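Notes follow once the structure below has been shown.
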Amino acid sequence: MVTNVLILDQHSAVADLVAQKLKKIPNIKVTRLTGIDFKRAKSYVPVLRHQNIIASFLGPMDVDLDFEALFDAVSLVVPPIHQFLMMSHAGIDDEVTGPAIFPDVKNVPEYLNEQRYAVKVVDESEIPYTILRPVTITKQPAITEPRIIEEGQSVNNGTVSYQNVAQIAVDVIVGRRYLNQSVAIIDQK
């Protein structure tokens, strides 16, 4: 049986690597949605019909508006979705010790509100979900295994390689790990 995975991507190195890894796995069909108006439900409708898993790498800004449109489209199409993956950022729950760094974000309070609202939209959809909250993502090669930190636990300010984040995302998609959880990811030192 083929599992259809829809990757929502706004120029994310993590999304690129996730797509590459998933395409090598038998019985997984990957569709990438890029370069569309993610704030319009009509943009999602043509690709939703047979999707089983949605993996969102949208943002950093306006993900709340993107998700409102996405879930409007989901309610119209009613695809057989059994899993949703969202990449957010450590710090949205004030769990980072020390100052949290949000690259490419000019208005941090607005960004945090948008991320929290998007998570709420996902949670209320009643689709089994996983929220990945990596600390600052780097392009440095992965040299250590990542550490997964459960929601509610403090997270040290640090970095994580995009390769480690991508591998965790693939593990979530393929192995249905961390269902209905929000987990932080950091490289171990």
_Those residues of region 42-88 which are at negative phi and small (Gly, Ala, Ser), in sequence order_ = Ser43, Ala55, Ser56, Ala69, Ala73, Ser75, Ser88
*Residues in region 145-153: is at least one in contact (Cβ under 8 Å) with a residue 60 or more places away in the chain and open to solvent by less than 50 Å² (accessible area, probe 1.4 Å)?*
no
*Please enumerate the residues belonging to region 117-131 that are part of a loop (DSSP other than H, G, I, E, B) and of a type in the set (Ser, Thr, Tyr).*
Ser125
_Filter result (out of contact with any Phe, Trp or Tyr (no Cβ under 9 Å at 6 or more places or on another chain), more than 22 Å from Asp72 (Cβ to Cβ) and open to solvent by less than 40 Å² (accessible area, probe 1.4 Å)) within region 109-136_ = Arg133, Val135
*asked:* Conditions first: (1) outside any loop (DSSP other than H, G, I, E, B); (2) open to solvent by 10 Å² or more (accessible area, probe 1.4 Å). Lys106 passes all but one, so which condition is the exception?
replied: (1)
*Scan of region 137-172 for residues that are part of a helix (DSSP H, G or I) and within 15 Å of Leu85 (Cβ to Cβ), ordered by number*: Val165, Ala166, Gln167, Ile168, Ala169, Val170, Asp171, Val172
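The values are calculated or read from the model by the stated rules, or taken from the named source; none is laboratory data. Note that the structure is predicted; figures quoted are calculated from it, not measured. Glycine also receives a Cβ, built like all others from the backbone with ideal geometry; neighbour counts cover every protein chain displayed. Accessible surface areas use protein heavy atoms only, side chains included; no ligands, DNA or RNA. Shrake-Rupley method; radii C 1.70, N 1.55, O 1.52, S 1.80 Å.
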